[in-house]
Each structure stands twice: as C-alpha cells, then as structure tokens.
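J.: Attaching a single structure in structure tokens format; questions to follow.
Derivation of every value follows stated rules applied to the coordinates shown; laboratory data play no part. This one's a predicted model, so the numbers in the text were calculated from it and none came from an experiment. Backbone-built Cβ (ideal geometry, glycine too); neighbour counts: all protein chains shown.
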Amino acid sequence: MATRLRYNIMHVIVEPRYSGAEVLVRELVQIHGRQGHRVSIVAFRPPQADFAHEIAQLEQQGCECFLPGRSLVRLGRIKWLLAAIKAAGPDIVFAHSILPSLYTRMALRFARRPPIVTVLHTDDDLGNTGLLRMERFLWRRSACVVGVSAKSIGNYRRRMTDRVPTRVIQNGIPVEQFAVPRGVAQDHRSRLYRPQGGELVAVQIGRICVQKQQHVSVEALALLSARGIRNLRLVLVGPTQDPDYEARVIASARAGGVEDRVQFAGPQANVKEWLAGADIFLMPSGWEAHCIAALEGMASGLFCIFTAIDAFEEWRSHSGVFMIEAPPVPEQLAKALETVAKSKVWDRRYERDLVKFSIQRCAAEYMQVTEQFAHPALGLEDASVGKSGETERG
C-alpha cells in the first residue's frame, strides 16, 4: 500500500492583503493543508487590518504564520526569514514576486536547502534595473522559476538566463463558488448596493493604482453623464495602493460631476457577493500578467469589458465579453458602456467553461513543482521511495 509523501511548504510574501498573489497563497495553503501537508506563510509586514481575520482562519486550519508586529526592512527582513525558516524547517520555499524571492535567496545564499522557487506575478518583474542587478547575483539559488504567464517566463529568460528550470502555472480560483443563483444574487444586490430604481451597477475589482486605470472608468462615467445617461453607478472594490492616484481618481469624479455615483468600497473578503449583485464587470487595466480578479469576473457570469491586452486575449472568444483598445481611453469605454446599457446584454448571466482555471488545477501544479524539487525526510523506519515518488510500505 502506497502512502503519499507529506511536505512542509513555506510561502513568502510582502504583506498579507486582498491582492492577487496573497489571495492565491491563501487558497494554496488551504488546499495543501487539507491534503495533510504542513504549510506556513512568512511576511515582511503585518497583515492589513481587513485581512487579519483571514490570517486567524488560516491559523485555525493549521497554517503557521510568521508575521512581524511592524514593517521590516533590509537586514530585518533577512533575520526574520532566517528565524522563520529555522522554526518551520520547510522542505521547499515559494517566494512570491521578485522582492520576497531576492530576500529569501540572500538569507539562504550559503545554504544548500531548502530549495527556493521564485514565483513571478507580473509580466516583467525585472523591469527595475536595481532588481535586475540583484537577480544576476542570485539567480543560481533558485531551484525553479514559476511564472503566471508565458510572457513572464519569456521576459525572465530574455533579461536574465535560460539556465534555471522554468514553468508556467496560471492562477486559479474556486470557480464554482462564483456561480450564484439569481435569487441569492438579488439578495446580495439589495444588501450591498441598495440600488435606486433602474440603476445599473458596474463593478471594478483591483488595487487602486495606475495599473488598474480606475480614472478611465470614472472619466467614461462622466462622459455618459454629459450625454444624459445617469443611471450608471461605478463601484471600485479593492485596497488603495497609491494614495496619490486615488486622489486623482476622486478629483476626476468631482470634475466630471459624478462624485455621487462613484463608490469606493475598499478591500472586501466577499468579492463573489459584490460580483453577484452587480450588472457589469469592468477591467480596463493598462497591463496584467494573469489577473485573479479577471478570472473572478468571468466566473461570476457578468457581462465583462476588458482592455485588449495579452493577458485578456483568451477571453475574447467567450460570450458576454467586450474588448476596448489598449491603452484604454475614456471615450471608448464610454461607448462600450452605452452600448451595453442600451442593448440590455447586462440583464443575464453568461455560462463560461473555466475549468482549466480552477484553483484545484493550480494547487496540483504547485504540488508537482514541490514533488520535483523538495526532498522531505520520510520519518518511516522501513520506508523506501518507489519510482512513482510515493512511499512504499510493507
């Protein structure tokens, strides 16, 4: 009888928050923890206040969380990492984004183990010349480089090296959780939005930052208002990453006379409920790699408007999807919204086959990387490892 190996898996992030990489890590540790693996998370900053209950739930489920009481910098991050690794004794470390990976490899530069997997969450993590110089110094310490898109891996190999193993693992989400029955969706709509009669709700999910182009959505809303279309509300769900950019978005809403129809909802744990209660999903991003929020919008069945960038091209053939040119401009988005509003294509839910974007598939691929590069102690007196990678008993 074969018993699968149990691994000790650590994930390193900058800050526990409601953002793509951190939400992915939350899902991975939940799945791998339920499978019997030991899991842990290390961060350089305390969790954002709205994410604290997520950490509490993970700890209740057995995840070890090494979170500082204050933000750490430079040498403090290295010391914190070393202490966490000594305490947890991981078989493998997944460092999410280039900065956590660089610090992890600096901390473990002279140690042969554990293997470190660098996970690239943007298309070009090495666009910064300072980070590129550090990567040239430390790339050999990566056992593997994982990218969320083929472009991210291609850019890494072009800028850095092709002598380290690489693999593309697209992000995943719990797809089935976003298929909300119509009656339940109406309950979410009434509770979260409290819409006026005939009001349409367009929701945009993502960090408030220039990458997500929220100002384009606001300016498009202002254009529609000037044309007499005033039954549309824009709801921005997500944490503020750039306060200066948020101020710019607010100023645009005020200048366009639509301040009362732009709602900043902040980060939300129940994104699926905010999606379920809306009418239209917007994502006019300037650039993306493989966006979890886009997956969630597609899984919700809402009519979706995307920028025609590489990361969203695969959605073009799906029903209920409209593409505007990149980079996004307010006039094009306003025309798209006007067409959507008048044609009532928003008044239905679209069924889309997204099985290949399931979190179960994603977690299985991360486990394959773990099985390839990690070598845990078996802890069995009479165990031997067969060709299948499983522990054979008896």
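J.: Out of ALA255, ALA294, ALA88, any idea which swings most in a Gaussian network model of the chain, alpha carbons joined below 10 Å?
T.: Comparing ALA255, ALA294, ALA88 in the GNM, the peak value goes to ALA255.
J.: For ARG70 and ASN128, what does the FRET efficiency come to when R0 = 35 Å and r is the distance between their Cβ atoms, rounded to the nearest 0.05?
T.: Result of the calculation: an efficiency of 0.90.
J.: Which value does Rg/Rh take for the stretch 246-286 over its C-alpha atoms, Rh per Kirkwood?
T.: 1.01
J.: Between helix 330-343 and the chain, what is the angle of the helix's C-alpha long axis to the longest principal axis, kept within 0 to 90° and rounded to the nearest 10?
T.: Value to nearest ten degrees: 70.
J.: Name the residue, out of ASN155, ASN171, ASN128, whose mean-square fluctuation peaks in a Gaussian network model built on the chain with Cα pairs under 10 Å.
T.: ASN128
J.: List the trypsin sites (Lys or Arg not before Pro) in the stretch 129-235 that DSSP assigns to loop (not H, G, I, E or B) and whose Cβ has at most 15 other Cβ atoms within 10 Å. Which are they?
T.: Answer by residue number: ARG163, ARG227, ARG230.
J.: Which semi-axes, in whole Å and largest first, does the equivalent ellipsoid of the stretch 1-111 have when worked out from the alpha carbon gyration tensor as the square roots of 5 times its eigenvalues?
T.: 22, 18, 11
J.: I've got another one for you. If you take every DSSP beta bridge whose two residues both sit in the chain, what share of them, in percent to the nearest 5, is antiparallel?
T.: Taking every DSSP beta bridge within the chain, about 10 percent pair in antiparallel fashion.
J.: Now a separate question. Taking the Cα-to-Cβ direction at GLU314 and at THR161 and moving 7 Å from each Cα, how far apart do the two end points lie in nm?
T.: It is 2.9 nm.
J.: Against the longest principal axis of the chain, how steep is helix 182-192, in degrees 0 to 90 to the nearest 10, with axes from Cα atoms?
T.: Compared with the principal axis, the helix lies near 80 degrees.
J.: What's the FRET efficiency of GLN61 with ARG140 using the Cβ-Cβ distance as r and R₀ = 35 Å, to the nearest 0.05?
T.: The value I calculate is 0.50.
J.: Hey, another quick one. How much length would be gained if the chain were fully extended between THR339 and GLN360, taking 0.36 nm per residue of separation minus their Cα-Cα distance, in nm to one decimal?
T.: So the chain would gain 3.9 nm between THR339 and GLN360.
J.: I would also like to ask the following. In the P(r) worked out for the stretch 103-161, what percent of Cα pairs fall beyond 14 Å?
T.: The calculated P(r) of the stretch 103-161 puts 53 percent of pairs beyond 14 Å.
J.: Taking a ≥ b ≥ c as the square roots of the eigenvalues of the Cα gyration tensor of the stretch 191-289, is the shape rounded (a/c under 1.5), prolate (a/b larger than b/c) or oblate?
T.: oblate
J.: Name the most mobile residue of PHE110, PHE373, PHE303, meaning the one with the largest mean-square fluctuation, in a Gaussian network model of the chain with Cα contacts below 10 Å.
T.: Sorting by GNM fluctuation, first place goes to PHE110.
J.: log₁₀ I(q)/I(0) of the chain at q = 0.11 Å⁻¹, via Debye over equal Cα point scatterers, no solvent, to two decimals?
T.: -0.83
J.: Is the shape of the stretch 177-343 best called rounded, prolate or oblate, per the rule: a/c under 1.5 gives rounded, else a/b larger than b/c gives prolate, else oblate, with a ≥ b ≥ c the square roots of the Cα gyration tensor eigenvalues?
T.: It is rounded, given that a/c, with a ≥ b ≥ c, falls under 1.5.
J.: Another question, if that's okay. Figure the gain on full extension for SER190 and GLU325 (residue separation times 0.36 nm, minus the Cα-Cα span) and round it to one decimal in nm.
T.: 45.2 nm
J.: Net charge near PRO90: determine it from the other residues with C-beta under 11 Å of the C-beta of PRO90, scoring Lys and Arg +1 and Asp and Glu -1.
T.: The answer is +1.
J.: Taking the 0 to 90 degree range and rounding to the nearest ten, how far is the long axis of helix 75-88 tilted relative to the main principal axis of the chain, both from C-alpha atoms?
T.: Helix 75-88 and the main axis of the chain meet at about 60 degrees.
J.: Under 30 Å between alpha carbons: how many lysine pairs meet that in the chain, if sequence neighbours fewer than 8 apart on the same chain are excluded?
T.: 15
J.: Which residues make up the longest stretch of the chain clear of GluC sites (Glu not before Pro) that lie in a DSSP loop with no more than 16 other Cβ atoms within 10 Å, not counting the sites?
T.: In the chain, the maximal stretch lacking such sites is 1-198.
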